[in-house]
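Shown next, in structure tokens, is the structure this report addresses.
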Ligand SMILES: C[S@@+](CC[C@H](N)C(=O)[O-])C[C@H]1O[C@@H](n2cnc3c(N)ncnc32)[C@H](O)[C@@H]1O
């Protein structure tokens, strides 16, 4: 019997929707298309499971259950009631409703959550004949998103966001989200097999994401997903999919990947993360200020996330650091350098114009990812 196909969205940060769509197409989801906030695609449960395991740049994989214009709570109630919850959730499930309202008449997230929950319980009472819902079983994360009055009700198959790969258990100074680090790697001119160095590597996120990409290591291999407990996924051969994804990993494909930082504590964390990521011996780490860094051998690509100097007092130090990054680039002929920063003075301080720029958000901070080639 063929499995049902669902309309899905792989949500992703602003500016990375196209990357999420390419990520999906590479996995065989040929209809994947970028839209605001993510990429749409259709998949059966096995495909959804695979997407959760393998996507590098997306935050979550959602099954879209219903969409319609909703300008009143009654509209929202009717929309949520129209979904066959009795076929989707278990009667003892925990129905956790989260919400987001943007530029809409319905702007109270709390009220939307309460209305949606009431509609779910009423529908379940009507269709199952039960009067009590203990909510002690599997969690069903349900999302209500209302954007310009268009409401979307979806079931989150990921649970914890996909950036939670499992290797980061300690955070250093302003660590980069794993999904954003994977996006930077993708947007950079670096490709597996090339040399890569992060001269302010902090806790090592960019390096680990690049090594995973080179080794074909699925980022979700050691974690679980919300859909593990969903009835629709019960007959999906999740272990088989995991085994096949696992058999694809080849750590020997990792080329020369290295990083350095001025902060020994950050490097200690990086070392732990590398170990937890299963990459021991695959990434070289060095305690060195970037002002003194001199790499020999094949040229490659620098990718970095230097401090941004959001406070005025830090601004000068950061601009000096950007100038030092410019010098680092100059003394490494043949190398490209890519940096993400929210500082509008970055290029001026660096001393060169970027050949390519991309607007991205690091958390709530609007940033630019800049690529500098050698002159
Ligand atoms: C925003 S954090 C990088 C975070 C990193 N991407 C991560 O995921 O953990 C900036 C890093 O630049 C390092 N740094 C600052 N000044 C430096 C210098 N002169 N040389 C090398 N590293 C420096 C800091 O120690 C810090 O780890």
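The values are calculated or read from the model by the stated rules, or taken from the named source; none is laboratory data. As the structure is a prediction and not an experimental result, all values here were calculated from the model. Glycine also receives a Cβ, built like all others from the backbone with ideal geometry; neighbour counts cover every protein chain displayed.
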Worksheet entry | Residue list for segment 331-361, filter: in a helix (DSSP H, G or I) and more than 16 Å from the ligand (Cβ to nearest atom) | 347, 348
Worksheet item: What are the residues in segment 343-352 that are over 11 Å from residue 306 (Cβ atoms) and in contact with a strand residue (DSSP E or B) (Cβ under 8 Å, 6 or more places away or on another chain), if any?
Response: 347, 352
Practice prompt. Filter segment 305-322 for residues that are closer than 23 Å to residue 181 by Cα, assigned to a helix (DSSP H, G or I) and within 11 Å of the ligand (Cβ to nearest atom) and give the result.
Written response: 318, 321, 322
Fill in: Flag for residue 68 being at pLDDT 95 or above, over 17 Å from residue 127 (Cβ atoms), buried (at least 20 other Cβ atoms within 10 Å of the Cβ) and in contact with a strand residue (DSSP E or B) (Cβ under 8 Å, 6 or more places away or on another chain)
no
Discussion item. I'm told residue 174 meets every condition in (1) surrounded by 21 or more Cβ atoms within 10 Å (Cβ to Cβ); (2) over 12 Å from the mean Cα position of the chain (by Cα); (3) in a loop (DSSP other than H, G, I, E, B) except one. Can you identify the failing condition by its number?
Written reply: (1)
Item to complete: Any chance you could count how many residues in segment 21-58 are in contact with a helix residue (DSSP H, G or I) (Cβ under 9 Å, 6 or more places away or on another chain) and assigned to a helix (DSSP H, G or I)?
Response: 13
Response to the item:
Out of (1) part of a helix (DSSP H, G or I); (2) under 28 Å from residue 346 (Cα atoms); (3) without any contact (Cβ under 8 Å) to a residue 12 or more places away in the chain, the one residue 208 does not meet is (3)
Item to complete: List the number of the failed condition for residue 278; all other conditions in (1) in a loop (DSSP other than H, G, I, E, B); (2) over 27 Å from the mean Cα position of the chain (by Cα) hold.
Response: (2)
